[in-house]
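The structure appears below as structure tokens.
The values are calculated or read from the model by the stated rules, or taken from the named source; none is laboratory data. If you're wondering where the values come from, they're calculated on a predicted model, not measured in any experiment. Note that we place each Cβ from the backbone using ideal geometry, even for glycine, and neighbour counts take in every protein chain shown. Only protein heavy atoms, including side chains, enter the accessible area calculation; ligands, DNA and RNA are left aside. Shrake-Rupley method; radii C 1.70, N 1.55, O 1.52, S 1.80 Å.
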Amino acid sequence: DYDRLLENAPYDLPLATHYLSAKFVKQVPLAEVERRLGDRIAFDTRAVAWAMAAVSDGERSVELLQNACGFSPTYCQQFATKLAMLGRDAEAAEAFERALGDESVDDVAKANWSGWLVNYYQSRGRTDEALQLAARSAGTGAAAGLVTSGRLYERLGRLDEAEFAFTSNAEHYDAPGELLGFYY
């Protein structure tokens, strides 16, 4: 009898998620997630992760991610990515900036998340900001950072710098695809 169990253990996340999974099988309505998980989705990354997997409605997942962005830079990155996919670029840029500005995020993760924002800055005429972010990303040595900087340099016609970034990526990660594409 789930109702009695949930009444006696209202904060038991595994119990609540098991109940919701058993009752709704494929897609759980957001209203039911909010009712059963309550305030947990406002501060518990485990509850948000479960809710994201269980709620498939795109706008509803945006609501969950927006809320989670308030307490987790990883969710800010996911929120930003979702907004970018929906064409909400200005909002996406703000969320990416929030994620990349969080000091709890390591530099490699920031490099991995920076590509879209570098492109956004450059496409809006904010070239200096794009160059600074690309340089920080490449400076980590992360493959995504090297590729991001290489692509920016290529778009700006700074071909020697682009070649250097793509060559570094190819040599360090045995991944010549970007370098070959650049040469092509």
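F71 meets the conditions (1) part of a helix (DSSP H, G or I); (2) closer than 20 Å to D102 by Cβ in every case but one. The failed one is (1). Scanning the stretch 147-163 for residues that are within 20 Å of the chain's Cα centre (by Cα) and over 16 Å from Y183 (Cβ atoms), we see that the one that is least open to solvent (accessible area, probe 1.4 Å) is S149. Contact map, the stretch 1-30: residues that are loosely packed, with under 14 Cβ neighbours inside 10 Å paired with residues that are in a helix (DSSP H, G or I) and at pLDDT 85 or above, Cβ distance under 6 Å, separation 6+ or inter-chain. Pairs shown: A9/L15.
Residue-wise test of (1) among the charged types (D, E, K, R); (2) under 13 Å from the mean Cα position of the chain (by Cα); (3) open to solvent by 40 Å² or more (accessible area, probe 1.4 Å).
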site: D44; (1), (2), (3): yes, no, no
site: A53; (1), (2), (3): no, no, yes
site: S72; (1), (2), (3): no, yes, no
site: K82; (1), (2), (3): yes, yes, yes
site: A93; (1), (2), (3): no, yes, no
site: F96; (1), (2), (3): no, yes, no
site: L100; (1), (2), (3): no, yes, no
site: D106; (1), (2), (3): yes, no, yes
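Against the numbered list (1) more than 22 Å from L117 (Cβ to Cβ); (2) under 23 Å from the mean Cα position of the chain (by Cα), Q78 comes up short only at (1).
Just to be sure, is A175 open to solvent by less than 20 Å² (accessible area, probe 1.4 Å) and out of contact with any Asp or Glu (no Cβ under 9 Å at 6 or more places or on another chain)? No, not satisfied.
The residues of the stretch 135-146 include none that are among the charged types (D, E, K, R) and either over 24 Å from the mean Cα position of the chain (by Cα) or in a loop (DSSP other than H, G, I, E, B) (or both). Every condition in (1) surrounded by fewer than 22 Cβ atoms within 10 Å (Cβ to Cβ); (2) assigned to a helix (DSSP H, G or I) holds for F166 except the one numbered (1).
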